[in-house]
Amino acid sequence: MVDMKKKIIILGGGFAGVECAKHLQKKLSKSTDIEIILVSEDNFLLFTPMLPQVASGTVQTRNIVIPIRTIIKKVTFYEGRVRHIDPVTRQVSLWGTPEKPGITLEYDYLVVALGSETNFFGMNDLENNAFRMKTLNDAVIVRNRIIDMLEQANNEPDPDTRKSLLTIVIVGGGFAGIETAGELNDFLNDAIKYYPKIIMNDISVKVLEALPSILPGFSPKLAEFTQNQMIQRGIEINLRTAVTGFDGNIVTTKNLDDQTTDILHTKTVIWTAGVTPTNTVKRSIFKTEKGKIIINEYLEADGYKGVFAAGDCALCIDTSTQKPFPPTAQLAEAQAKRIAANLYSLIKNNSMEKFTYAPRGQMAVIGKRTGIVSIFGLNIRGMMAWLLWRNVYLKKMPSMSKRARLLMDWFQDALFDRDISRLKIMRANPIKEYETLQVLDDFW
């Protein structure tokens with residue numbers, strides 16, 4: 001029997017995708033002729049702003065992820081990777097697995113919210129040797145790497161090798177880079193008590209940023225405060241410094257002011273210097289600019305009615321500056337709400353509304369009990385900002401159990417030393433791609 005329901009497919013289980021699904025299931029709760037489908041590579045929503053805290057051992061991995069099925073109970077969920085999007089035939093194909101072939105799904109309306117991946121700007125040696133801070137697995141691998149370097153350095157007799165083991169380089173002075181540097185520096189300060197042959201002066205945490213200042217787009221006063229705080233805590237900030245390569249032992253850099261080159265001896269580089277839309281979006285026939293889907297004022301993909309895009313994979317222009325909005329979770333959620341409302345209007349044959357966006361503020365944790373917040377025109381720094389950051393993200397947790405667990409993690413971190421156990425988790429192997437079934441009739 002052929003299913004005559006209209007289908008809305010949402011691609012992506014990040015902030016934009018899940019938020020859109022939540023609002024749609026609420027708006028369409030009484031509609032029996034529409035099915036909402038969410039496709040995500042993972043079966044959980046990851047709170048990415050807390051990844052640095054996982055890397056430093058402040059919070060446990062399971063406490064910053066929320067199972068998608070518990071958030072959107074009336075939505076059909078598929079765990080899978082998107083292989084191809086065809087807006088002409090209105091089909092989405094998913095890669096298969098070793099256990100089953102891939103499938104093809106048909107849709108009436110589509111929301112593309114596939115997010116982004118780490119951008120190494122064509123530098124293959126960096127892509128092969130640097131660590132990332134984009135996924136939960138990345139954060140755990142970085143944590144293991146830092147502990148591994150401490151273990152090796154503690155019994156290393158050669159001073160040069162020892163120095164390179166204890167030099168941690170973070171590339172990128174944006175939110176991810178600064179928060180990662182602050183958390184890892186705190187972790188190293190706490191951990192060295194267990195390594196009798198290492199003192200804090202042996203450890204070097206460096207941030208390399210190509211721009212003239214860290215935290216671009218943030219309040220200049222708060223950015224200056226952050227830089228001063230990090231320097232006081234022993235973190236080295238190198239501005240106007242571009243990384244040109246990393247072979248696993250040596251980082252090559254270029255000073256963008258005088259064009260001189262330099263090298264840094266290190267075994268660990270953490271890359272947070274940029275993201276790019278996924279290859280699925282780049283390979284699609286959507287009109288794109290720098291890999292991002294070009295959208296109109298209603299967040300529809302240019303040339304395709306009923307197809308919307310949100311989050312890191314969408315090119316959303318700020319009409320006041322004629323520049324793209326910075327890719328943030330706050331923007332993704334705002335886009336998701338507007339897309340859900342516009343989809344509902346489209347289904348009910350009503351007029352859609354244009355997307356407008358005014359950021360509510362920005363915040364970051366820059367080290368132990370220290371944060372920065374810019375909200376409602378106010379600049380807050382220090383412990384008050386740190387407490388505000390924790391309060392905001394605690395409220396964002398959708399369940400009481402996750403809030404309680406996160407509070408317990410923070411409480412234990414305040415009372416006890418951090419765990420230095422190194423889990424035997426290695427870098428993930430490249431994911432194999434399995435073919436998709438060409439035809440899937442009456443799948444629903």
* Selection status of T104, farther than 27 Å from P327 by Cα, surrounded by fewer than 18 Cβ atoms within 10 Å (Cβ to Cβ) and of a type in the set (S, T, Y) -> no
* To do: Among the residues of region 100-125, write down those that are acidic (D, E) and farther than 24 Å from I9 by Cα.
  => D125
* **Residues of region 269-285 that turn out to be within 16 Å of L315 (Cα to Cα), hydrophobic (A, V, I, L, M, F, W, C) and in contact with a Ser or Thr (Cβ under 8 Å, 6 or more places away or on another chain), as a count** => 2
* **Residue check for L184: under 24 Å from the mean Cα position of the chain (by Cα) and surrounded by 15 or more Cβ atoms within 10 Å (Cβ to Cβ)** => yes
* Structure fact -> Of those in region 107-142 that are among the β-branched types (V, I, T) and within 26 Å of A210 (Cα to Cα), the residue surrounded by the most Cβ atoms within 10 Å (Cβ to Cβ) is V142
* Name the residue, out of R283, R240, that is closer than 30 Å to V82 by Cα, surrounded by fewer than 17 Cβ atoms within 10 Å (Cβ to Cβ) and either among the small types (G, A, S) or out of contact with any Gly (no Cβ under 9 Å at 6 or more places or on another chain) (or both). => R283
* Structure fact -> region 205-286: strands (runs of 3 or more DSSP E) wholly inside it with 1 or more residues that are free of Cβ contacts under 8 Å to residues at least 24 places away in the same chain, among the polar types (S, T, N, Q) and not assigned by TED's automatic domain parsing to the domain that holds V88 are 250-255, 261-265
* When I270 is evaluated against the numbered criteria (1) buried (at least 19 other Cβ atoms within 10 Å of the Cβ); (2) within 19 Å of I10 (Cα to Cα), which criterion, by number, is the only one it fails? -> (2)
* **S320 touching a Ser or Thr at 6+ places or on another chain (Cβ under 8 Å) and either outside any strand (DSSP E or B) or surrounded by 18 or more Cβ atoms within 10 Å (Cβ to Cβ) (or both)** => no
* To do: Determine, yes or no, whether L150 is buried (at least 18 other Cβ atoms within 10 Å of the Cβ) and assigned to a strand (DSSP E or B).
  => no
* Asked: Has region 89-101 got at least one residue that is more than 30 Å from I270 (Cβ to Cβ), touching a strand residue (DSSP E or B) at 6+ places or on another chain (Cβ under 8 Å), not assigned by TED's automatic domain parsing to the domain that holds L331 and not hydrophobic (A, V, I, L, M, F, W, C)?
  -> no
* Asked: Can you list the strands (runs of 3 or more DSSP E) found entirely within region 24-133 that contain at least 3 residues being of a type outside the set (A, V, I, L, M), more than 30 Å from M408 (Cβ to Cβ) and under 17 Å from the mean Cα position of the chain (by Cα)?
  -> 116-118
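The values are calculated or read from the model by the stated rules, or taken from the named source; none is laboratory data. Bear in mind that the values here come from a model prediction, so they are computed numbers and not experimental data. A quick note on method: Cβ atoms are made from the backbone with ideal geometry, for glycine too, and the neighbour counts reach across all protein chains shown.
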